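Participant: Mind looking over this structure? Questions follow.
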Amino acid sequence: SAVISQKPSRDICQRGTSLTIQCQVDSQVTMMFWYRQQPGQSLTLIATANQGSEATYESGFVIDKFPISRPNLTFSTLTVSNMSPEDSSIYLCSVDRQGDNEQFFGPGTRLTVL
Amino acid sequence: SQKIEQNSEALNIQEGKTATLTCNYTNYSPAYLQWYRQDPGRGPVFLLLIRENEKEKRKERLKVTFDTTLKQSLFHITASQPADSATYLCALRRGYQKVTFGTGTKLQVIP
């Protein structure tokens, strides 16, 4: 299995500001994923982050709004930029170890934008 | 576009009964299907995986079926307990494509 931690666990932010969420994994992984889960909804993939290359963003998500860093095989950050109340959501980090065919998720970061 | 639907937003069931959750998909040919459990305020936790060439998979009180003709998976929890109360998500994947998650079914087991 993989143990994933996220910081912060929750935050309340003002409109127009930015928040960086950190994701730390206890083992080296190739692919890391960032998801958003809005209240009562399922998980929506924001982007896939591979170490040493640019993140791949899903339709509807852009790098200027959600810049991602992946400096090594155990760590990634997601920044939610120029926040609006519509960005209020839970943001989840996930890893997928090849051969496991399952994803491991962090505990999530609950973001509220006022 | 790909679409995954799970039956009803909430399912209430009496303790000891078998809970059956449904996952239907369209415009997709998954290589395998996964079921996850999610508790409030937590990330999803993997439960079971079933491949396209498998009809049924069991793990303790859990049973999953996969019908690629009907494009449907059924998830059963036998002898349900209040501790089984959670949201259950199905997810599909083909190869190294991204995992697509369903909308989730909230299960409430009543003592």
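The values are calculated or read from the model by the stated rules, or taken from the named source; none is laboratory data. As the structure is a prediction and not an experimental result, all values here were calculated from the model. Reconstructed Cβ throughout: ideal geometry from the backbone, glycine too, with neighbour counts over all protein chains shown. Protein only, heavy atoms only, side chains kept; ligands, DNA and RNA dropped before computing areas. Shrake-Rupley method; radii C 1.70, N 1.55, O 1.52, S 1.80 Å.
Participant: Would you tell me the mean number of C-beta atoms belonging to other protein chains that fall within 10 Å of each C-beta in A:42-49, as a whole number?
Facilitator: Details: counts 13, 12, 2, 4, 0, 0, 1, 0.
Partner Cβ neighbours, averaged per residue: 4.
Participant: What figure in square angstrom, to the nearest 10, would you give for the accessible area of A:PHE75 with a 1.4 Å probe?
Facilitator: 40 Å²
Participant: Beyond 33 Å, what share of the Cα-Cα pairs of the protein assembly as shown is found? Please give it as a whole percent.
Facilitator: 17 percent
Participant: Return the subset of B:LYS57/B:LYS98; B:LYS3/B:LYS98; A:LYS65/B:LYS3; B:LYS3/B:LYS63 for which the Cα-Cα distance in this structure is over 19 Å, preserving the input order.
Facilitator: Pairs exceeding the cut-off: B:LYS57/B:LYS98; A:LYS65/B:LYS3; B:LYS3/B:LYS63.
Participant: How do the peptides B:39-52, B:81-94 rank, highest first, by the average count of neighbouring beta carbon atoms within 10 Å per residue?
Facilitator: On the way: B:39-52: 16.3, B:81-94: 19.0.
Result, highest mean Cβ count within 10 Å first: B:81-94, B:39-52.
Participant: Also, quick follow-up: Using the Kirkwood radius over C-alpha pairs as Rh, can you work out the diffusion coefficient of segment A:27-100 via Stokes-Einstein at 25 °C, viscosity 0.890 mPa s, in µm² per second?
Facilitator: Numbers: Rh = 12.8 Å.
The calculation lands on 191 µm²/s.
Participant: If you don't mind, another one. I need the Kirkwood Rh of segment B:3-110: take the reciprocal of the average 1/r across all distinct C-alpha pairs and report it in angstrom.
Facilitator: Evaluated over segment B:3-110, this radius sits at 13.8 Å.
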